[in-house]
Amino acid sequence: MLALEEILRTAHKEHDQGHGHGEEVEVEVSNEEIERYIQTIKTQLQDESAIPAYSKTSAPLSLVSFKCLLQDTGYPMEVYLPGSSSDAEAEAGPSGQVDWTQLKERWVGWGVEIPGEQEWSKKAVQLTEEANLERRLDNVSLHDTRDNQSKSLPKSVHSKYPLPGKEGAYLGALIKVYDDVSFKPASVHDFIGVLSESSLPSNEPETADLVPTLHVLKVIDPSTPSSSSAAAVASQSQEEIREDLIDHLATAFDPPDRLAATYLLLTLLSSPTSRPTGMSPVGTLAINFRRRSQSGGNVVTSTSSRFHDIVSSVTPHVVPLPLTIPLLHSHSFYPISADSSSLDAGLLQLAHGTVLIIDEDGMGNGGQLNEKALKNLRALAECVTEQKVRYEYPYMEGLKMECATRVAVLSQGKTLMPVDISISLTSASPRSTKEPALDKFRSYLAHHSSSAHASRIVIPDETAQLIQDDFVASRREKADEAEEALKRRMKVARLLALSYSGAELTKQVWEETVRLDQEVYSRGTLS
């Protein structure tokens with residue numbers, strides 16, 4: 001990473017230059033002002049927990065943090081002239097010409113607010129408007145009289161947010177990293193940096209729009225678990241928390257359904273842990289919850305809303321997808337680059353671990369699908385089965401990138417999606433009278449769905465023998481169904497083992513898996 005002082009001077013200089021974008025503006029900043037600004041930023045960096053999250057009202061040249069999804073990582077490295085303690089020395093030689101030997105490179109990408117991120121999971125420390133104003137007065141040179149970033153993003157980046165309907169109302173910024181780095185699209189990162197404005201990379205730089213820009217000072221690993229989360233789980237029996245969580249998830253269905261809630265829990269814990277060549281990923285579980293046919297549209301809408309509310313109360317990233325024919329025709333589900341200069345977002349460009357709730361009731365009796373709609377459905381099916389999202393670039397066919405999306409499908413009939421299990425919601429369970437301990441539920445899910453916990457999975461020899469014996473017996477009774485039943489039960493058994501603190505596929509866990517599978521089968525299917 002470039003020296004902190006040089007990054008700050010560069011950000012300050014480019015911000016001043018951006019101030020005059022398209023107009024004549026006289027900008028003069030003394031070296032003393034810049035030194036005071038640098039010292040202020042250094043002081044604020046000493047307490048990262050107090051650094052405010054980037055928002056529409058963040059002041060120019062203020063220090064902010066931005067936990068974002070990198071939507072476009074395909075821009076070329078950007079060449080720039082760094083700021084220095086004496087810009088006259090950096091920019092001009094004896095003849096007044098620019099000293100091109102000072103040129104350097106930096107990484108540039110486009111970051112957006114994480115699609116479906118719940119308010120409770122966002123950074124807790126937020127400055128009040130008064131404190132934000134005070135920081136603006138402290139941080140920004142007196143000549144800066146521009147409005148803050150509360151305006152909408154320009155039209156040129158409206159297509160760079162994955163979810164439809166946002167246009168320029170989402171939170172986005174150009175990310176500039178002063179280091180030799182490489183990031184994947186749809187990866188999540190937590191950046192700390194100084195906010196400014198600069199031109200969006202374009203094949204026509206003279207007409208490029210100004211967009212919010214974050215000059216990165218530090219990259220924080222967002223996957224680091226917090227000590228408070230571990231403490232919340234440790235303060236109570238994990239098995240007790242598990243049972244209470246299933247009770248809470250049961251209320252996502254009307255009436256409450258503990259069997260469906262158990263499978264929902266396993267979906268929330270699922271994540272691809274390995275990807276054998278030519279096979280489906282290991283560790284995933286897509287479920288279709290089949291509701292009774294409802295006569296009123298409002299009833300279906302309310303039950304879908306209830307399902308979303310319950311899931312989002314315990315899971316940080318939840319995206320509802322009300323599948324309709326107009327949506328399939330209008331919005332791309334996969335990212336597309338028309339001319340290689342920029343990547344338009346796709347609806348499936350989501351953060352790892354996002355719960356995608358597909359509601360198929362809006363499809364009605366179906367209808368005519370054009371080529372775009374068919375490609376969207378194919379991309380959605382690939383996301384479910386392969387845990388991959390296709391990226392469409394000119395002169396590049398069949399490019400797919402790995403994802404980790406947890407899929408739950410709501411429907412009244414047979415689903416369009418290639419799910420692992422379809423559960424008919426036909427029975428009621430007693431409604432829990434306990435107040436949901438949401439913090440403990442969230443901590444439990446964060447821990448039990450982690451890659452560290454998944455790596456602890458153990459299958460004792462005696463359990464492996466039991467599974468083999470059950471398979472042999474099943475083949476004698478129903479030879480045509482035995483293999484599929486074994487694959488399905490192994491998926492469930494693995495996740496069921498991970499739902500317990502020991503992460504061991506014991507005899508009891510396997511027997512519970514078989515019981516759950518038989519109960520689902522006994523419910524049959526809805527016509």
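Given a Förster distance of 51 angstrom, what is the FRET efficiency for T273 paired with S156, based on the Cβ-Cβ distance and rounded to 0.05?
0.85
Taking a 1.4 Å probe, which of D439, D469, D190 shows the most accessible area, and what order do the others take after it?
Final ranking, largest accessible area leading: D439, D469, D190.
Once you place label points 7 Å from the Cα toward the Cβ at E481 and E119, how far apart are they in nm?
4.7
Residues with amide H under 5 Å of K218's amide H, sequence separation 5 or more or different chain, H placed in the peptide plane at 1.01 Å from N; which?
I192
Would you work out which of A503, A464, A482 lies farthest towards the positive end of the dipole of the range 455-527, given +1 charges on the beta-carbon of Lys and Arg and -1 on that of Asp and Glu, about the Cα centre?
A503
Considering only protein heavy atoms, with the full assembly of protein chains and a 1.4 angstrom probe, order V112, V472, V514, V79 by accessible area, largest first.
Most to least solvent-accessible, the answer reads V79, V472, V514, V112.
For the range 238-449, what is the percent of antiparallel DSSP beta bridges, rounded to the nearest 5?
25
Please identify which residues in the range 465-492 have an amide N closer than 13 Å to a label point set 7 Å out from the Cα of Y521, following the Cα→Cβ vector.
Counting only backbone N, you get 470-490.
Could you check the simple spin-label distance between Q39 and E206, using points 7 Å along Cα→Cβ, in nm with one decimal?
Output for this residue pair reads 4.5 nm.
No solvent, one uniform scatterer per C-alpha: report log10 I(q)/I(0) for the range 484-527 via the Debye equation at q = 0.18, 0.30, 0.31 1/Å, two decimals.
Rounded to two decimals, the profile gives -0.52, -1.05, -1.08.
Determine the dipole magnitude for the range 238-449: charges of +1 sit on the beta-carbon of Lys and Arg, -1 on that of Asp and Glu, nothing else is charged, the reference point is the Cα centre, and the result goes in debye to the nearest 20.
300
Pick out, in residue order, every one of the GluC sites (Glu not before Pro) in the range 324-418 that is DSSP loop and has at most 13 other C-beta atoms within 10 Å; say none if there are none.
E397
Need the list of lysines near K388 for cross-linking: C-alpha distance under 22 angstrom, and skip anything on the same chain fewer than eight residues off.
Leaving aside lysines fewer than 8 places away in the same chain, those within reach of K388 are K160, K184, K372, K375, K400, K487, K491.
At a Förster radius of 51 Å, what calculated FRET efficiency corresponds to the Cβ-Cβ distance of V282 and E32, to the nearest 0.05?
E(calc), rounded to 0.05, equals 0.25.
Going from most exposed to least, what order do T267, T273, T433 have by accessible area with a 1.4 Å probe?
Correct descending sequence by accessible area is T433, T273, T267.
Test of understanding: what is the full-extension gain from V458 to L438, defined as 0.36 nm times their sequence separation minus their Cα-Cα distance?
Length difference between fully extended and current span is 4.3 nm.
Residues in the range 180-211, backbone N under 19 Å from the label point at E5 (7 Å along the Cα-to-beta-carbon vector): list them, ranges by number please.
194
The values are calculated or read from the model by the stated rules, or taken from the named source; none is laboratory data. Keep in mind that this is a model prediction, so the values were computed, not measured. Heads up, the Cβs are rebuilt from the backbone with ideal geometry, glycines too, and the neighbour counts pull from every protein chain shown. Heads up: the accessible areas ignore ligands, DNA and RNA and are worked out on the full protein's heavy atoms, side chains in. Shrake-Rupley method; radii C 1.70, N 1.55, O 1.52, S 1.80 Å.
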